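Notes to accompany the following structure.
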Amino acid sequence: MLAGALIRQYFVLRHSGKNPVALPAAAAALLVGVAIAIAPSPSATGSAPQVAFARVQTIIHERCTVCHAEKPTFAGFQQPPGGLLLDTPEQIKAAAERIHQQTIATRAMPIGNLTKMTDEERGLLGAWLAAGAPLK
């Protein structure tokens, strides 16, 4: 807000015949400082921790395949929502981007967190996805 006020004041003074270049310079410096302050920090290790696919498969089985299976076991589902199947390692790997979007980025899945996915499990899925979703 302060940067906006400084820029507005610059234009007010400029229309009255003055040209205080320090105001937009201060606004620019302020905006750069805010950008630096809110920038995400790099990870301390420089790479995502390795998560075994067996652990990922367990999380997917417990939290996702109750709905996203050939034959869903969650009450009210006759077929997998969106046609997304997560029964096999290959299906999980193929859905990696969708898993990231729905489970990590937006936290929309599991819907209403009905299967009670924990933040730790989301973190493990995120680390696995960040490592390229390996099947080992």
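The values are calculated or read from the model by the stated rules, or taken from the named source; none is laboratory data. Not measured: the values here are computed from a predicted model. Quick reminder, even Gly has a Cβ in these numbers, built from the backbone with ideal geometry, and neighbours come from all protein chains shown.
Some observations on this one:
- Only one of the listed residues (A37, A94) is closer than 30 Å to L2 by Cα and over 18 Å from the mean Cα position of the chain (by Cα). That residue is A37.
- The numbered conditions (1) under 29 Å from L135 (Cα atoms); (2) part of a helix (DSSP H, G or I) are all true for R14 except (1).
- Residue list for region 77-136, restricted to those being aromatic (F, W, Y) and under 19 Å from V66 (Cα atoms): F77
- Qualifying residue in region 7-21 (condition: at pLDDT below 95 and under 30 Å from A127 (Cβ atoms)): no
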